[in-house]
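**Q** Pasting a structure below so you can have a look.
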Amino acid sequence: MEYLVVIEKAENNYSASLPDLPGCVATGETPEEVVSAIKKAVQVHLQGMREDGMTVPRSSARADYLQIEQAV
């Protein structure tokens with residue numbers, strides 16, 4: 001399975017979330033730490049969904065960069 005992970009720099013750490021798995025979030029002091037933490041969080045989140053009889057969603061989120069021209 002492959003899911004889009006959004007990693008954001010906060011004031012004192014990094015946060016990660018998955019658009020396809022609302023409520024599945026993690027934090028870490030570095031990008032590497034947050035990636036490790038979100039991997040564990042996804043495993044726990046998916047296990048909980050399965051135990052609750054919920055359907056695990058397929059990945060549907062995607063990301064792209066948008067070029068914005070600055071006004072002079």
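Every number here is computed from the coordinates shown, using simple stated rules; none is lab data. This one's a predicted model, so the numbers in the text were calculated from it and none came from an experiment. Neighbour counts run over all protein chains shown; Cβ positions are idealised from the backbone, glycine included.
**Q** Within the stretch 1-52, track down each residue that is among the hydroxyl-bearing types (Ser, Thr, Tyr) and either closer than 19 Å to residue 63 by Cα or under 13 Å from the mean Cα position of the chain (by Cα) (or both).
**A** 3, 14, 15, 17, 27, 36
**Q** Considering only residues that are aliphatic (A, V, I, L, M) and either within 17 Å of residue 3 (Cα to Cα) or touching a Ser or Thr at 6+ places or on another chain (Cβ under 9 Å) (or both), which ones fall in the stretch 40-58?
**A** Result: 41, 42, 44, 46, 49, 56.
**Q** Can you name every residue in the stretch 46-60 that is of a type outside the set (Val, Ile, Thr) and either part of a loop (DSSP other than H, G, I, E, B) or touching a Leu at 6+ places or on another chain (Cβ under 6 Å) (or both)?
**A** 52, 53, 54, 57, 58, 59, 60
**Q** If only one of 63, 37 is among the small types (Gly, Ala, Ser), in a loop (DSSP other than H, G, I, E, B) and closer than 24 Å to residue 11 by Cβ, which one is it?
**A** Among 63, 37, only 63 is among the small types (Gly, Ala, Ser), in a loop (DSSP other than H, G, I, E, B) and closer than 24 Å to residue 11 by Cβ.
**Q** Within the stretch 1-20, count every residue that is more than 20 Å from residue 64 (Cβ to Cβ) and either touching a residue at least 24 places away in the same chain (Cβ under 8 Å) or surrounded by 11 or more Cβ atoms within 10 Å (Cβ to Cβ) (or both).
**A** Counting residues in the stretch 1-20 that are more than 20 Å from residue 64 (Cβ to Cβ) and either touching a residue at least 24 places away in the same chain (Cβ under 8 Å) or surrounded by 11 or more Cβ atoms within 10 Å (Cβ to Cβ) (or both) gives 4.
**Q** Further, regarding this structure: Identify, from the list 43, 47, 67, the residue that is surrounded by fewer than 10 Cβ atoms within 10 Å (Cβ to Cβ) and among the polar types (S, T, N, Q).
**A** 67
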